[in-house]
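Report on the structure given below.
Read-outs throughout are calculated quantities, based only on the coordinates presented, and are distinct from any laboratory measurement. Since the structure is predicted, the reported quantities are computational estimates derived from the model, not experimental observations. Note that each Cβ is placed from the backbone with ideal geometry, even for glycine, and that neighbours are counted across all protein chains shown.
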Amino acid sequence: MLWPYKTPGIPDDLFERFPGIPLSKREVRLLLISALRLKSESVLWDIGAGTGTIPVEIGLLCPESTIIA
């Protein structure tokens, strides 16, 4: 199932991940994304991207942004 909404908050169980790779929990992603105050043309550098949950959420929220993970 894909996330059909234009808002962040994808449930954790919709992300695939390898065993042992930590996942930023939904609540943490929501707080972080709101604190970033993104613009449509924002540039995000995700150092140590891990499972990539934050870049995925931001990419859906700001499709014109540049994401380096």
(request) Take every Cα pair under 8 Å in the chain that's 6+ residues apart, average their separations, divide by the length, and report that relative contact order as a whole percent. (result) 36 percent
(request) Calculate the dipole size of the range 14-69 relative to its Cα centre from +1 charges on Lys and Arg beta carbons and -1 charges on Asp and Glu beta carbons; express the result in debye to the nearest 20. (result) 180 debye
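Give the order of ARG29, ARG17, ARG37 when sorted by the count of other beta carbons within 10 angstrom, beginning with the fewest.
ARG37, ARG17, ARG29
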(message) Report D for the chain in µm² per second (integer): Stokes-Einstein, Kirkwood Rh on Cα pairs, 10 °C, 1.306 mPa s.
(response) 128 µm²/s
(request) Give the order of ILE58, ILE47 when sorted by the count of other beta carbons within 10 angstrom, beginning with the fewest. (result) ILE47, ILE58
